[in-house]
Number of protein chains: 2
Amino acid sequence: MIHSATRPKTDLSRFLNPRGVAVVGVSGDPTRIGGQALRLLTDFGYQGRIYPVNPKYPEVRGLPCYPELAAVPQPCDVALIALSAPHVAGTIEQCGKAGIPFALVLSSGFSEVGAEGKALQERLVAAARKASVRVVGPNCLGILNLKDNARIGFGGTSQLTTLKPGPMAMVTQSGGFGFGVVSAAAYYGLGCNYAISSGNEADLTLLDWVADLIERPEVEIVVAFMEAIDDGRRLLELGERALKLGKPILAWKVGNTAVGSQAATSHSARMSSGYELYRAAFRRGGLVEIRDVDDLIDISKVFLIRKLPAGNRVGVLTLSGGAGVLLADRCVEHGLELPALSDATRDKLSKTLVSFASFNNPIDATAHGYNDNFASYGKAVRLVLADPNIDQVVARVPRGKAAGPWSENLLETLRGTCKPLILNWPTAPDDNGQVLAYLEQHGVPCILGAGRAVHAMAALTDFARKRDAYLKAGKRPLRRAIAPQPLELPPTRCTLGEYRSKQLLARYGVPVVNERLLQPAAIEALASCPLAFPVAVKIESPDVPHKTEAGAVRLDIRDLAGLKLAARDVVAAARRHKPDARIDGVLVQEMASGVEVIVGAVNDPCFGPTVAFGLGGIFTELLKDVTHRFAPFDADTARGMIAEVKGAALLHGYRGRPALDVAALADVLARVSLLITDHVNRISEIDVNPLFVRESGVVAADALIIVKGES
Amino acid sequence: MIHSATRPKTDLSRFLNPRGVAVVGVSGDPTRIGGQALRLLTDFGYQGRIYPVNPKYPEVRGLPCYPELAAVPQPCDVALIALSAPHVAGTIEQCGKAGIPFALVLSSGFSEVGAEGKALQERLVAAARKASVRVVGPNCLGILNLKDNARIGFGGTSQLTTLKPGPMAMVTQSGGFGFGVVSAAAYYGLGCNYAISSGNEADLTLLDWVADLIERPEVEIVVAFMEAIDDGRRLLELGERALKLGKPILAWKVGNTAVGSQAATSHSARMSSGYELYRAAFRRGGLVEIRDVDDLIDISKVFLIRKLPAGNRVGVLTLSGGAGVLLADRCVEHGLELPALSDATRDKLSKTLVSFASFNNPIDATAHGYNDNFASYGKAVRLVLADPNIDQVVARVPRGKAAGPWSENLLETLRGTCKPLILNWPTAPDDNGQVLAYLEQHGVPCILGAGRAVHAMAALTDFARKRDAYLKAGKRPLRRAIAPQPLELPPTRCTLGEYRSKQLLARYGVPVVNERLLQPAAIEALASCPLAFPVAVKIESPDVPHKTEAGAVRLDIRDLAGLKLAARDVVAAARRHKPDARIDGVLVQEMASGVEVIVGAVNDPCFGPTVAFGLGGIFTELLKDVTHRFAPFDADTARGMIAEVKGAALLHGYRGRPALDVAALADVLARVSLLITDHVNRISEIDVNPLFVRESGVVAADALIIVKGES
């Protein structure tokens, strides 16, 4: 799945805006799917040709009706299929014969309803591949192209006349839910040029559509509502593409909790990857995670300002202290700064506002701003926007009649600045509603909730920061710490023992404890210990993966007699634990110490090889203070990863202790990422636990690698 | 401040609904405050008498104008004062003489503008006390009584005709902000009977109004927007009262971050208590914290269902899988459970819905729910509501024409159940808007965002849980572990040394390490150690509060020679640190160990004595994993406190270690709460750090008490 192209091979333009649509299984009855589908084409301004297909009728609603696809005139770009599931595959074959490149299958009764449906879906896929027909669906609501009035599908929400075109595009794995959101967005002034219900994704997937839509000039924001995707790497590539284009992908993922996942699985018959990996992906590139309708609307509006802030320094302006304090609270919570204004700005403000206004940030012009019809308040906004200490401004909108002229002046001001301005609306949306509409139509979002305004501002700031970094650094080539190393791995799935696992890690340059794997008899015969005391003694057996629980570990052995006794003990314990356990030997290792961390790597079915990092014990197990990266990566990325966990303070000289060797730790993380990537087809899991971090260097004290069978 | 009465002594009914209002400083010019104030009374249906007062005019807008308050006819309950600040105190004196019990001072120029204004406010307060006149303001927008059409104040928002009466009441320390919120609430269908802008609170405070409003039958929800209050205990009492009455107080606190607090202080000239204590208060009683306009509206609507859930078990019903998964995710995040339905319900559902619907919770009726005009979907909602495993239901609303009859049937269903039902609206509010309005008018909230719907549901559930517990337990008398103990404390403010601090703790029954305070000479003369080795040796000096930093601590001393050397060392280190340090002796103590926790107590200026608890080191310092309670409390409360911190797992036998003595820890927390409460006038701070928790018992290894001067 890794490194698939981000763009689908097919140009989907004619799927979105077909010259002609054949409605297969058409009906004159508007309560039937085939009837609704026809009406959506005939009654909402579609400019292409409409070809009803049904052998039962000579004509439907005044249009000539064709007995079969083969009879449909060209050009016909889309077959819209509303037949029962068993008839769909055959119809797709006919598409191929008739030269119709795209099929949109509304019908349900496929993989979502069990084994029989799954077989029907496989037939559908086979037919599409053979006929080179690209398919949306089955089990979907279709495509809404509101820009060109092509509503290709069915459903109640699709019939709303209030839907409107605009710079948003949506792809949704839940059609009912997603189209509802499109209608809500229209109500709040946010238009949508394209909405695609991807259904069961037998062929074209959510990511195919994201890849298509993000490139279209008429699309400035792509919303992706997903339960599960099957190619996390492609999501990452699309995120990078989004960053380059300066357009956000608003990623809305559901099915993230135990109960949620259960529902997602039974709904879509697809396994969900862990939400942590999705979140790790959403933090990268031009992806912006959203979690509710409000997020979608607010964040979209803020992006449609079409200005990115140069940094996180916010100026807050209000006419009432309470609002300023609230906005300031939320800014700080979101990691936005409220710096002091420059002396020059403060000086000018003091000549503009009343003497008891607050010139600290948040700037409170007080209700006296009302006394001059907001002339001074407007000037204050301009002064703060111009302040070199300020990257963006959030201001409360004044209310009353004079707010109209104020807002006109404001637009003048904004023409002269490249800094974003977000407004916080102070009363009901219908109080001075025409001013609100005027401002929003001119790209100045007016958000009712202070917290919502700041949340959207923070999303914009984060995107801008990532884009800046991306444009500065470009796509940095991976600096490998070590070339790919050949490994000898067993041919079938198994868990390697500790000794073997550490040998493989050592091959990739990961420091491991000084240890020897010895046979019990060899230990009995020892005249002196080959290692420095104290040592640990452990059983090495593929059949005893949990050595401690089996009682097959002895720690802190301080002399040769103790070593021999311990070796006998752990062999006996292993035999008690599993009488037929294969015993590869007894592992004798020098005791190690330091701050415990855990390095884990998993070859995730969706995201490919990923590396997790956390501090040991409490931090990882109790506090879930863990961070993830997608392999491979180098030490620079690893350093960012280490800095992300709360427990990182323990590595940096906590409570007067010496700072630890974070560079060596970062190096190990990078090397583990190379190990799992180079052997992605053979290694499914790596655990280095614990890795001890010291003042100088690190050392892996225990490890476990799970090998998957040769395929 | 502690244990003030929760109700103000004065009946404020006639302040809210006066028989007559005198407008002092009236004007015919509607751009002036005195002109606006008059218009608000004349033009919005006020039924009482209006008495303009201004010696300049014989009449204003057709009403006779009186030269002074003494000339105003009775009954006149409120003087609405719009004079410049220096004239206000004299006018309040006149209120007293004229028998007018209430004054509402709109004027600014008081404590919010510096020393001169502060002096004017003090004069105002003195005049009000002397004349027994109760005052709202100064520097406020007044009172809106929308129920009786009495708009007593000024400002643009107060003039909106869209404001509407209803079961909410609001008190706000920021009039401009709060009244804006009232207008927004009206837009979203939530009416407000009373809104009070409390301004500088020279006399009547936000809490006075909360206390008044919560008792009124026409008020079901009180919203309090606050920057700072001066009596946290009264807030707690009001919270308890709210619980008893079954009405929530929605507490909205701003000025919570460093920057925010700075702004709050400069705005209100009042010190803010730490937000942590406010949050601890908001978690108690009938207080519900809100953080934005949306919270206010959603949570209010959900309370207006007027049904409290018996537990946290939620049934989720949808017509589309995506929505169900989203709702399920949010429920789990909010600690709400989605239990399996009973077999009987599943059985009935399977006869009601299509075979491929999901009968797991979330229940997905699928789009086939549309095929019978939602008859089966309506039945499914009824079945799930009736399930004994379910305490409350959140369901998606169907759309289209048939949603009307569905919603009517739904109301029938709801008459037969005492379980709350919350609806999640699937599309734009104007799609089927009449159904939305119909449902909301009949007490079924329709919330657009799934996350918002669940957030409100969680708030209701939490209130219900607290109310249940309160009604079951009643106001439990405090079970004191120890009677008040007399203490000998120095007369002036000082920090007590470690030995002295632990002696005081021991007086309250807190176990402390075995230790001796010895003079250096006495140590030199020792023939044997009076304590068991190993011991710690520390300087005891009021001038060396940070012993470790001063190098005046030696740990793990294992013999007598070492003890003598260590004693000499710590004395020398103290002298180096501060040559004139007073040395009370050398503290020799047995080394203690266990899991480190911190117990702190602070006598907060707003909330009185409070106790904080956290696990040592990382947990408290790095992760801020700390919890608070208001003193005094007993061990039961302390157990709840311990359970709240994430690190508590370390006390309960983490990673196979033995469980520690949580009962002894709870006992110490309760005893510390008694110590600071009994001596609240003399002790300002107690630190027990570390307290070691062991398998059996606990022991305080170090402590520090700050004494305040006798007042």
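Identify all lysines with a Cα-Cα distance to A:Lys130 below 27 Å; exclude those on the same chain that are fewer than 8 residues away in sequence.
A:Lys9, A:Lys97, A:Lys118
When only Cα pairs under 8 Å and 6 or more residues apart are kept, what is the percent relative contact order across segment A:595-707?
Once divided by the residue count of segment A:595-707, the mean separation gives 31 percent.
At a threshold of 8 angstrom on Cα-Cα distance, excluding pairs fewer than six apart, so keeping six or more, what relative contact order does segment A:104-243 reach in percent?
Answer for segment A:104-243 is 24 percent.
Counting only DSSP beta bridges with both residues in chain A, what percent are antiparallel, rounded to the nearest 5?
55
Among residues other than B:Pro490 whose Cβ falls under 11 Å from its Cβ, what is the net charge (Lys/Arg +1, Asp/Glu -1)?
So the surrounding residues net to +2.
Based only on Cα atoms, what Rg/Rh ratio does segment A:595-707 have, Rh being taken as Kirkwood's radius?
0.96
Quick check for you: which residues of segment B:477-519 have the amide N under 18 Å from the point 7 Å beyond the Cα of B:Val680 toward its beta carbon?
The answer is B:477-487.
Less than 20 Å from a label point 7 Å out along the Cα-to-Cβ axis of B:Ala375: which backbone N atoms in segment A:32-51 qualify, by residue?
Zone members listed by number: A:32-33.
Assuming 0.36 nm per residue, please report the length gained on full extension of the stretch A:Glu549 to A:Cys418 beyond their Cα-Cα distance.
40.9 nm
Report the extension gain between A:Ala532 and A:Lys401 in nm, rounded to one decimal, defined as 0.36 nm multiplied by the number of residues separating them, less their alpha carbon distance.
In short, 38.6 nm is gained.
Please compute, for the alpha-carbon atoms of segment A:308-473, the extent along each of the three principal axes and give them in descending order in Å.
50, 36, 29
If I model a spin label at A:Lys130 and B:Thr162 as a point 7 Å from the Cα along the Cα→Cβ vector, what separation in nanometres do I get?
Going by the 7 Å Cα→Cβ label model, 6.1 nm.
Beyond 19 Å, what percent of the Cα pairs of segment A:116-200 remain?
40
Cα centroid distance between segment B:330-408 and segment B:467-546, in Å?
When both Cα centres are located, 61 Å separates them.
Loop only per DSSP, at most 14 neighbouring Cβ atoms within 10 Å: give me the GluC sites (Glu not before Pro) in segment A:457-540, ordered by residue number.
A:Glu488
Take each complete run of DSSP H in chain B, measure how far its Cα atoms stretch along the helix's own axis, and keep only those covering 27 Å or more with mean Kyte-Doolittle hydropathy at least -0.5; list them.
Membrane-span-like by this criterion, though nothing is claimed about a membrane: B:450-473.
Set the bar at 19 Å for Cα to Cα. Now go through B:Lys538/B:Lys578; A:Lys348/A:Lys401; B:Lys379/B:Lys419; A:Lys244/A:Lys475; A:Lys646/B:Lys646 and name every pair that lies beyond it.
Among B:Lys538/B:Lys578; A:Lys348/A:Lys401; B:Lys379/B:Lys419; A:Lys244/A:Lys475; A:Lys646/B:Lys646, the Cα-Cα distance tops 19 Å for A:Lys348/A:Lys401.
Just add up the charged neighbours of B:Leu69: K/R +1, D/E -1, any other residue whose Cβ is under 11 Å from the Cβ of B:Leu69.
Neighbourhood net charge equals -1.
On a C-alpha basis, how far is the centre of segment A:645-711 from the centre of segment B:682-711 in Å? Whole number, if you could?
After rounding, the separation between the Cα centres reads 41 Å.
Relative contact order for chain A using alpha-carbon pairs under 8 Å, separation at least 6, rounded to a whole percent?
The normalised contact order for chain A reaches 8 percent.
What ranking do A:Ser376, A:Ser132 get, fewest neighbouring Cβ atoms within 10 angstrom at the top?
Neighbour counts put them in this order, fewest first: A:Ser132, A:Ser376.
Placing +1 at every Lys and Arg Cβ and -1 at every Asp and Glu Cβ, with all other atoms neutral, what dipole size does chain A have around its Cα centre, in debye to the nearest 20?
So the magnitude is around 960 debye.
For B:Ala532, which inter-copy label distances result when the label point lies 7 Å beyond Cα on the Cα-to-Cβ vector, reported in nm to one decimal and in ascending order?
Its label point is 3.5 nm from the equivalent points in the other copies.
So for B:Ser27, A:Ser342, A:Ser320, A:Ser528, fewest C-beta neighbours within 10 Å to most, what's the order?
Sorted ascending by nearby Cβ count, the order is A:Ser528, A:Ser342, B:Ser27, A:Ser320.
Starting from the 7 Å offset along Cα-to-Cβ, what nm value, one decimal, do you get for the label separation of B:Gln441 and A:Arg279?
With each label placed 7 Å out from Cα toward Cβ, I get 4.4 nm.
Would you mind ranking A:Val688, A:Val24 by Cβ crowding within 10 Å, fewest neighbours first?
Arranged by neighbour count, lowest to highest, A:Val688, A:Val24 become A:Val688, A:Val24.
So which trypsin sites (Lys or Arg not before Pro) in segment B:621-711 end up in coil per DSSP with only 12 or fewer other C-beta atoms within 10 Å?
Qualifying residues, ordered by number: B:Lys624.
Count charges around B:Asp634 for me, please; just the other residues with Cβ under 11 Å from its Cβ, Lys/Arg as +1, Asp/Glu as -1.
+4
Once every DSSP H run of n ≥ 4 in the protein assembly as shown is given -39500 (n - 2.57) and the sum is divided by its residues, what mean residue ellipticity at 222 nm do you get, rounded to the nearest 500 deg cm²/dmol?
It lands at -11000 deg cm²/dmol.
Stretched out fully, how many nm does the piece from B:Ser696 to B:Ala572 gain, at 0.36 nm a residue minus the Cα gap?
40.9 nm
With unit charges on the beta carbon (Lys/Arg positive, Asp/Glu negative), name the residue among B:Gln159, B:Gln589, A:Val513 whose Cα is farthest towards the positive pole of the charge dipole of the protein assembly as shown.
Checked the options; the winner is B:Gln159.
I'd like the projected area of segment A:445-504, averaged over all directions, using the convex hull of its alpha carbons. Report it in nm² with one decimal.
9.5
What trypsin sites (Lys or Arg not before Pro) in segment A:363-435 are in a loop by DSSP, with at most 16 other Cβ atoms within 10 Å of the Cβ?
Loop-located and lightly packed - A:Lys401.
Can you give the Kirkwood hydrodynamic radius for the protein assembly as shown, in Å, rounded to one decimal and based on Cα pairs?
36.1
What Rg and what Dmax come out for chain A when only alpha-carbon atoms are used, in angstroms?
Both quantities, over Cα of chain A: 31.5, 102 Å.
List, shortest first and in nm to one decimal, how far the label point of A:Asp556 (7 Å from Cα along Cα→Cβ) is from its counterparts in the other copies.
So the label point of A:Asp556 gives 1.2 nm to the other copies.
Each label point is 7 Å from the Cα along the Cα-to-Cβ direction; what then is the distance between the points at B:Lys472 and A:Glu215, in nm?
Each label point lies 7 Å from its Cα, and together they span 6.2 nm.
Place a point 7 Å from the Cα of A:Ala649 along the Cα-to-Cβ direction; which residues of segment B:597-629 have their backbone N under 20 Å from it?
Hits in segment B:597-629 for A:Ala649 at 20 Å: B:597-601, B:612-628.
Every read-out reported here was derived from the displayed coordinates using simple, explicitly stated rules and does not represent laboratory data. None of these values were measured; they are calculated from a predicted model. Cβ: placed from backbone, ideal geometry, glycine included. Neighbour counts: every protein chain shown.
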